[in-house]
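Just so it is clear, none of the values below were taken in a lab; they were calculated from the coordinates. Note that the coordinates shown come from a computational prediction; the quantities given were computed from them, not determined experimentally. Glycine gets a Cβ as well: all are built from the backbone with ideal geometry, and neighbour counts include every protein chain shown.
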Amino acid sequence: MASKVRVAVVGLGFGAEFIPIYQNHPDAEMYAICRRNKAELDKAGDKFGIKARYTEFADVLKDPNVDAVHINSPIPDHGPHSIAALKAGKHVACTVPMATSIEDCKTIVELQRKTGKVYMMMETVVYSREYLFVKELYDKGELGRIQFLRGSHQQDMEGWPSYWPGLPPMWYATHCVSPCLAILGKPGTSAHAESVVCHGSGRIREDLIKHYGSPFAVESATFKIKDTDVAAEVTRSLFDTARQYRESFDVMGSKKSFEWQQVEGEEPVIHTLGKPEPEIPTRVKVPDYASRLPAPIQRFTQPAAIQDADHLSFLQGGGHGGSHPHLTHAFLQAVLGKRPALPDAPTSANWTMVGLCAHQSAMKGGERVVIPTF
Ligand SMILES: NC(=O)c1ccc[n+]([C@@H]2O[C@H](COP(=O)([O-])OP(=O)(O)OC[C@H]3O[C@@H](n4cnc5c(N)ncnc54)[C@H](O)[C@@H]3O)[C@@H](O)[C@H]2O)c1
């Protein structure tokens, strides 16, 4: 491999946001782009000055100049695309979720081990400024002992691309699952979940149900975290549920707790246990962590650096907490062997399978499902 990692970005909706970050990262060569629509592909290639352009994913994999692919294709393609890329000897970054079946998660973990290539699921939440802030508080001992964790991701997906209607809510649960597990990991690692119990609630419209056979408007799961006495609870909804967009996590500690804001635009709250005085709630302004990044990509933590400010996921997601440059940097450092990927393949599988197993549990009326380990 050349001293710079030659990257191909696949899928240029959300994926296009990462192009200028790779272009500005000192360790990357933003080499190729891929999307199916030729006119749109050329538009992006001209805009960013990228010569290697592909409408077929298979052709990206045949290009020996490509060291790493960053996959941002539709959800059902993540598993098959990651498997094909690892088999072709490429390093893989893939947007969430890892896959929509346990079988594909297993195959990716096995292929990653066999090939020795990097696989990293590009989970935005664990690189958001909010997560980095809470993790820092916990690691410094300010929260005390973690007593409980809670995440929610409620988003109305009406009008989103064709693979969304009727998607089981827990098939896309990594944004609320991942912070609950990552915070309990030693630096650079994550705790893993071992079993999950989930209840489905309410009912979406019949025309939505037919796509995946999943009837629930809301799925709510609790899961046990391996080698700890902590349990976490996560809630997901995608359709027919009135709630402003919310991608939240709360951490309840013995000394301090962090609680996500109720509505967008507010600040989160820190609760401090006061003895003998009562608990004291204080709104907190979360700092930015751009200083942890190479200087040329620091500005990409700010919403002003976002390419397509109209993309719904940014309007609703507030720019994903400034996570994109942190993710890009973490992936490149992993490819260069400077530090392990977080999340690595087994961790990405565990975060994804909490959701896949939760949906199984909901379909079985709330039976406990043990999460497989590979
Ligand atoms: N916070 C986050 O982590 C976050 C936010 C937004 C989107 N996403 C994920 O990113 C993915 C893409 O989201 P989007 O909103 O841009 O979706 P989209 O459906 O609008 O765009 C998909 C892109 O992939 C391309 N594509 C589709 N099939 C392909 C194939 N076989 N080969 C090559 N390219 C192909 C399309 O041409 C298009 O450019 C989704 O899986 C979504 O879940 C994650």
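Label-to-label distance, LYS285 versus ALA58, with points set 7 angstrom from Cα along the beta-carbon direction: 5.5 nm.
Give the order of TYR212, TYR138, TYR127 when sorted by the count of other beta carbons within 10 angstrom, beginning with the fewest. List each step's numbers first, then the result.
Working: TYR212 15, TYR138 19, TYR127 26.
Sorted ascending by nearby Cβ count, the order is TYR212, TYR138, TYR127.
This ranking places ILE33, ILE146 by how few other beta-carbon atoms lie within 10 Å of each, fewest first, which gives ILE146, ILE33.
The local environment of ASP227, defined by Cβ-Cβ distances under 15 Å, has a net charge of +2 under the rule Lys, Arg +1 and Asp, Glu -1. Taking the Cα centre of the chain as origin and assigning +1 to Lys and Arg Cβ atoms and -1 to Asp and Glu Cβ atoms, the resulting dipole is close to 880 debye. With a Förster radius of 56 Å applied to the C-beta separation of THR228 and LYS47, the computed FRET efficiency comes to 0.75.
Using DSSP, restrict attention to beta bridges with both residues in the chain and report what percent are antiparallel, rounded to the nearest 5. The partial results should precede the final answer.
Details: 35 of 61 bridges.
That works out to approximately 55 percent antiparallel.
Only one residue of GLN333, TYR54, GLN147 has its Cα farthest out toward the positive end of the dipole of the chain, where Lys and Arg carry +1 and Asp and Glu -1 on Cβ, and that residue is GLN333. Largest GNM mean-square fluctuation across VAL69, VAL354, VAL230, computed for the chain with C-alpha springs under 10 Å, falls on VAL230. Count Lys and Arg as plus one, Asp and Glu as minus one, and take only other residues whose Cβ is under 12 Å from that of GLU279; the net charge is then +1.
For ALA39 and LYS87, what does the FRET efficiency come to when R0 = 22 Å and r is the distance between their Cβ atoms, rounded to the nearest 0.05? It comes out at approximately 0.15. Helix 129-139 and the long axis of the chain differ in direction by around 60°, with both axes built from C-alpha atoms. In the elastic network of the chain, a GNM with C-alpha springs shorter than 10 Å, the most mobile of ASN37, ASN72, ASN350 is ASN37.
Full extension of the segment from GLU267 to ILE209, taken as 0.36 nm per residue of separation minus the current Cα-Cα distance, would add 17.3 nm.
Toward the positive end of the charge dipole of the chain, with +1 on the Cβ of Lys and Arg and -1 on the Cβ of Asp and Glu, the farthest Cα among SER201, THR124, VAL5 is that of VAL5.
Can you give the FRET efficiency to the nearest 0.05 for ASP139 and ARG339, using r as the Cβ-Cβ distance and R₀ = 25 Å? The computed FRET efficiency comes out at 0.95. Among GLU110, GLU158, GLU194, the largest mean-square fluctuation in a Gaussian network model of the chain (Cα springs under 10 Å) belongs to GLU158.
For HIS324, HIS199, what's the fewest-to-most ordering of other Cβ within 10 Å of each Cβ? Before the final figure, lay out each step's value.
Details: HIS324 24, HIS199 15.
The fewest-first ordering by Cβ neighbours comes to HIS199, HIS324.
Spin-label pair PHE148-GLU110: with each label point 7 Å from Cα along the Cα-Cβ axis, the two points sit 4.0 nm from one another.
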